[in-house]
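Here's the structure we're looking at; comments come further down.
The values are calculated or read from the model by the stated rules, or taken from the named source; none is laboratory data. These numbers were taken from a predicted model, which means no experiment stands behind them. Using ideal geometry, Cβ is built from the backbone for each residue, glycine included, and neighbour counts are taken over all protein chains shown. These area figures cover heavy atoms from the full protein model, side chains too; ligands, DNA and RNA do not enter into them. Shrake-Rupley method; radii C 1.70, N 1.55, O 1.52, S 1.80 Å.
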Amino acid sequence: MKSMYFTEEHQLFRESLKSFLKKEVVPHIEKWESTGTIERFIWAKFGEMGYFGLATPEKDGGLELDLFYTVILLEELQKINSGGFAAAMWAHAYLAMTHLNKEAGDLLKKEYLAPSVLGEKIGCLCISEPFGGSDVAGMRTTAEKKGDTYVINGSKTFITNGVYCDYMIVAAKTSPELGNKGISIFLVDKKVPGVTATKLNKLGWRASDTGEIAFDNVTIPAANLMGEEGKGFSYIMEHFALERLVMGINAHARAEYALDYTLQYMAERQAFGKTINKYQALRHRFVELQADMEMCREYNYLVAYRLNKGEYVVKEATISKLKSTKMADVVIYDCLQFLGGYGYMEDYPLARLLRDSRLGPIGGGTSEILKEILAKIIIDKKEYKTTKVE
């Protein structure tokens, strides 16, 4: 694929990654989709290949590569048709590890970041709550300072990797009376007493574990505070730009996979004496879908380019997720229709794609919430600013 954003080195990385996924991951996907458990050996293999360290500084064991290596990783993960497996990998690398990279002190980085790069420890990000959903500022989980410790009480839900992780990046209120200015970020080891995780039964993303987490008087060292106390909301908002772009890229990639598969199917499937790619109604609908996917893809590349340069792209990344996830749902819905009865069969990829794609407009901030965020930016002229961790 020719593009102004990808160098020859990028393309070589893509081909190597595709070969790795075909050899090491694809043979196990059906088992992991069935059991809902991704076996630990594959995390180590991802670590050996450096895939978890693409965005991590070299001093912390990473490769410190530009963002388009991450774009390639995200795209190819979508094209093996397991949204759950892909989610488990990127939630570790770009949700949990992003906070470790940006806010953790040297001791936490040594104990958790380096093993995360190697795939020896798995992380998750705990923000959403049973009564809060997309309302981050309304969280109820608290962290009370007691001497040289914090005591955490509360619960989180819809947490990818929440059951099988080794550590959690947890948002909690250290000063509940201050609202969103009283939120802080902590690292909680999964083995600490008082942490329990319950696996949730999902419509899609079946290979990944999604958990509801309870914290009952969980005591952690004060040193497990990440960044500054009370700055947690700002950290979360800053990293939401990356998370939304990740989900936008995931969306255009799975739509592209669906279109490629459907085009091949249409060239082989015959009805009334000719292949169905010769029927005008299907041809014209297909090119509409292809055009919509390509528009989202090129927009997402531009946002990635700007983010890679250090620009704060919260508006653009929000648009990416809003429009790309909607596009992917429409594309995959119609691609399933092109397959007729076979599209509804689990033996064909579109059934799983449809289930997995449906989370796009929900996870990481619902489309409804994203529209209100955009309304505040575009109509009310609200500005969101970054927070630098010293």
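Counting only Cβ charges, +1 for Lys and Arg and -1 for Asp and Glu, the dipole size of the stretch 284-343 around its Cα centre is about 220 debye.
What is the chain's relative contact order, in percent, from Cα pairs under 8 angstrom and six or more apart in sequence? Averaging sequence separation for qualifying contacts and normalising by length gives 16 percent for the chain.
Could you tell me which of rounded, prolate or oblate describes the stretch 189-238, using a ≥ b ≥ c as the square roots of the eigenvalues of the alpha-carbon gyration tensor, with rounded for a/c under 1.5 and, failing that, prolate when a/b is larger than b/c and oblate otherwise? It comes out oblate by the Cα gyration axes.
The shape of the stretch 265-390 comes out prolate: with a ≥ b ≥ c from the C-alpha gyration tensor, a/c is at least 1.5 and a/b beats b/c.
Here the stretch 320-359 is scanned for amide nitrogen atoms under 18 Å from the site 7 Å beyond the Cα of LYS278 along Cα-to-Cβ, giving none.
Derived scalar couplings between HN and Hα for the stretch 376-383 equal 5, 6, 7, 8, 8, 6, 6, 10 Hz in order, rounded to whole Hz, by the Karplus curve 6.51 cos²θ - 1.76 cosθ + 1.60 (θ = phi - 60°), x for Gly and Pro.
With Cα atoms defining each centre, the stretch 243-266 and the stretch 281-312 are spaced 10 Å apart in the structure.
Taking THR198, THR174, THR157 in turn, the Gaussian network model of the chain (Cα-Cα springs below 10 Å) assigns the largest fluctuation to THR198. When shorter helices are ignored and each DSSP H run of at least 4 residues is given -39500 (n - 2.57), the per-residue value for the chain at 222 nm works out to -15000 deg cm²/dmol.
Most tightly packed first, judged by the mean number of other beta-carbon atoms within 10 Å of their residues, the peptides 310-316, 374-380, 120-126 read 120-126, 310-316, 374-380.
Ordering SER116, ILE183, LEU322 by the projection of their Cα atoms onto the charge dipole of the chain, which places +1 on the Cβ of Lys and Arg and -1 on the Cβ of Asp and Glu, puts LEU322 at the extreme positive end. Cβ screening of the chain for cysteine pairs under 4.7 Å finds these without a partner: CYS126, CYS296, CYS335.
A dipole drawn for the chain from +1 and -1 charges on Cβ atoms has a positive end, and of HIS28, ILE220, LEU336 the residue lying farthest that way is LEU336. Calculated FRET efficiency, GLU64 to LYS23, Cβ-Cβ distance, R0 = 22 Å: about 0.25 to the nearest 0.05.
A simple spin-label model places the labels of ARG285 and LEU107 6.1 nm from each other, with each point 7 Å out along Cα-to-Cβ.
Cross-link pairs exceeding 29 Å in C-alpha to C-alpha distance, out of LYS109/LYS376; LYS31/LYS109; LYS190/LYS376; LYS45/LYS146; LYS121/LYS156, comprise LYS109/LYS376; LYS31/LYS109; LYS190/LYS376; LYS45/LYS146. Testing the spin-label approximation: label points 7 Å from Cα along Cα→Cβ at LYS376 and LYS191. State their distance in nm. For the pair LYS376/LYS191, the computed spacing is 4.0 nm. The order of the peptides 189-197, 55-63 by mean Cβ neighbours within 10 Å, most packed first, is 55-63, 189-197.
How much length is gained on full extension from GLU8 to GLU177, taking 0.36 nm per residue of separation minus their Cα-Cα distance? Provide the component values of the computation, followed by the final result.
Numbers: separation 169, 0.36 × 169 = 60.84 nm, distance 5.33 nm.
Difference between extended and current length: 55.5 nm.
Here the chain is treated with +1 on each Lys and Arg Cβ and -1 on each Asp and Glu Cβ, and its dipole about the Cα centre works out to around 720 debye.
Determine the order of ILE373, ILE236 by accessible area, beginning with the largest, at a probe radius of 1.4 Å.
Values: ILE373 30, ILE236 0 Å².
In descending accessible area the options line up as ILE373, ILE236.
Between ILE38, THR56, SER16, the Cα set farthest toward the positive side of the dipole of the stretch 1-96 (charges on each charged residue's Cβ, about the Cα centre) is that of ILE38.
In order along the stretch 69-77, phi translates into HN-Hα couplings of 5, 5, 4, 5, 4, 4, 4, 6, 5 Hz, rounded to whole numbers, per the Karplus curve 6.51 cos²θ - 1.76 cosθ + 1.60 with θ = phi - 60° and x for Gly and Pro. Accessible area per residue for the chain is 46 Å², calculated with a 1.4 Å probe on protein heavy atoms, without ligands, DNA or RNA.
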